[in-house]
């Protein structure tokens, strides 16, 4: 199984680099009729998350233009499992059947499957570097690759830069904080934002 090409969705390119083919069965299922038109690919992203890529089969015979499929679950999926729609950047909800729309655009949807909800974001600035971690309800780091947007905003609210990133499979991310301003992290799974003021770096004294 190859890693999916998510280049059409620039917000998920960094995430795709952290994905690996999963060893266990895909948690999603579709009925036989829908299986003629869609593919389900399952990827691991670390200890606390896997991802399912639902894609429309290109050139599928008699594939309807406005394709919508009902997503169900294998018996081993617990009802408390949380599903995030990474394409729509929102929480789908607990593991209940839902409709996945695969119209002409987007032809691919990406879902995160997790045993618990993401409840917060940890932002730290130290030694000229900014660190990002997503947190569970206990305030502990979620050990998984999780996508987010990082913006740097100045005092007047002007966006100086905006980039898409992902934590690594252990749940860590860090980058050099080259400018002062307000760093804003928006989770691409929950849609929630957290911010941190970055102080100007001072040159060391002789």
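Considering only residues of the stretch 100-119 that are modelled with pLDDT of 95 or more and surrounded by fewer than 19 Cβ atoms within 10 Å (Cβ to Cβ), which is farthest from residue 132 (Cα to Cα)?
The residue in question is 115.
Considering only the stretch 5-77, give the strands (runs of 3 or more DSSP E) lying wholly within it that have at least 2 residues that are modelled with pLDDT under 90, closer than 15 Å to residue 87 by Cβ and outside the structural domain of residue 174 (by TED's automatic domain parsing).
67-73
Where in the stretch 108-163 are there strands (runs of 3 or more DSSP E), lying wholly inside it, with at least 2 residues that are within 12 Å of the chain's Cα centre (by Cα) and either more than 21 Å from residue 52 (Cα to Cα) or touching a residue at least 24 places away in the same chain (Cβ under 8 Å) (or both)?
Qualifying strands (runs of 3 or more DSSP E): 108-114, 147-153.
For residue 93, which of the numbered conditions (1) within 11 Å of the chain's Cα centre (by Cα); (2) assigned to a strand (DSSP E or B); (3) at positive phi fails to hold?
Result: residue 93 passes all but (1).
The values are calculated or read from the model by the stated rules, or taken from the named source; none is laboratory data. The shown structure was predicted, so the numbers you read here are calculated from the model rather than taken from an experiment. Quick reminder, even Gly has a Cβ in these numbers, built from the backbone with ideal geometry, and neighbours come from all protein chains shown.
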